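Remarks on the structure that follows.
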Amino acid sequence: MFSIFEFVMIMLLVIVLIVFFYYVPFMLWINAQVSGVRISLVQLFLMRIRKVPPTQIVNCLIEAHKAGLTDVKRDGLEAHYLAGGHINRVVHALVSASKANIQLPFQMATAIDLAGRDVFEAVQMSVNPKVIDTPPVTAVAKDGIQLIAKARVTVRANIRQLVGGAGEDTVLARVGEGIVSSIGSAESHKLVLENPDSISKLVLSKGLDAGTAFEILSIDIADIDVGKNIGAQLQMDQAEADKNIAQAKAEERRAMAIANEQEMKAKAQEARAKVIEAEALVPQAMADAFRNGNLGIMDYYRMQNMQADTSMREAIARPEASATQKKK
């Protein structure tokens, strides 16, 4: 049996060995030496102190060494890891680019990774182009017929433009703008339906991939549907608007005519009231003339006869009025 002292010493020794092999990954160092990667135990120990995972660094160095990448160094990997990058993704991208004969320096790969883009996916897209389906794009030809087009854009990642270059949304927006411009410049929608490749040629000739992270390889029109007759609809809307304007003007003229008629009626009533007022003053004037001797009885009779003759002539001239008076 072990004594208490020997048991304590054994436990201390085990703890020391665990701490030693944690901070000094001896087996990882042997793995690196066997794989041809020259790295010291002190460097592995310092990685633990700097909170850099030695296993990831050594595995990345082994992968790069086996792939023949000479610009991948331990300091660069540590710096990229401490900056928040993905060292495994970067090394995978470098190996893939090397096998595909794509020029991708280590500094550019780390810059792309820190920019938030998946550098390994970008390299894969450079080797295998990606097909992007555009949403339905609606445009109107010069003859007023609406066309709805769908396109498939084949793009390849532009490694040199990944940092600061525009993404897929910009490419889709530019392609949609090119399709609208192409259809809008066509004299007839039938010409577009007969030659849909004219849209692709016109859009490709504009260099829509400038300033983007992609290189457009081809634009294929997948489908074109005929929509509404926008020209006829606009003409109908214009005719309806003109009709409403004409009706409004006619209503305005009618209202003005009614107002003028009411004004004339008011003036006629006012004149009639003045005539009645003047007629009411006639008996008084006649009485004054009798009193003053300016009017005799014979003059009065002659005036009455003249009024009777005038009324008779008016009745003859207006038979309807005379008939009405007879009925009354």
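The values are calculated or read from the model by the stated rules, or taken from the named source; none is laboratory data. Everything numeric here is computed off the predicted structure, so don't read it as measured data. Heads up, the Cβs are rebuilt from the backbone with ideal geometry, glycines too, and the neighbour counts pull from every protein chain shown. Heavy atoms of the whole protein, side chains included, go into the accessibility calculation; ligands, DNA and RNA do not. Shrake-Rupley method; radii C 1.70, N 1.55, O 1.52, S 1.80 Å.
Quick notes
- Evaluated against (1) within 30 Å of VAL119 (Cα to Cα); (2) open to solvent by 80 Å² or more (accessible area, probe 1.4 Å), MET264 falls short on exactly one condition, (1).
- Filter result for ASN88 (within 21 Å of SER126 (Cα to Cα) and surrounded by fewer than 12 Cβ atoms within 10 Å (Cβ to Cβ)): no
- Residue in the stretch 159-179 that is open to solvent by 50 Å² or more (accessible area, probe 1.4 Å), among the polar types (S, T, N, Q) and outside any helix (DSSP H, G or I) present: no
- The stretch 191-239, residues that are among the charged types (D, E, K, R) and in contact (Cβ under 8 Å) with a residue 12 or more places away in the chain: ASP197, LYS206, ASP209, GLU215, ASP220, ASP223, ASP225, LYS228
- Residue satisfying all of: in the stretch 131-158; free of Cβ contacts under 8 Å to residues at least 60 places away in the same chain and farther than 13 Å from ASP223 by Cα; surrounded by the most Cβ atoms within 10 Å (Cβ to Cβ) among these: ALA157
- Qualifying positions in the stretch 232-247 - within 23 Å of the chain's Cα centre (by Cα) and either under 14 Å from ILE132 (Cα atoms) or open to solvent by less than 70 Å² (accessible area, probe 1.4 Å) (or both): none
- Members of the stretch 115-130 that are of a type in the set (Ser, Thr, Tyr) and either open to solvent by 60 Å² or more (accessible area, probe 1.4 Å) or part of a strand (DSSP E or B) (or both): none
- The C-beta contact set for the stretch 304-328 (first residue within 23 Å of GLU279 (Cα to Cα) and at pLDDT 70 or above, second residue of a type outside the set (Asp, Glu) and assigned to a helix (DSSP H, G or I), distance under 6 angstrom, 6+ apart or interchain) comprises ALA315/SER322.
- Qualifying residue in the stretch 225-234 (condition: among the polar types (S, T, N, Q), at pLDDT below 85 and outside any helix (DSSP H, G or I)): yes
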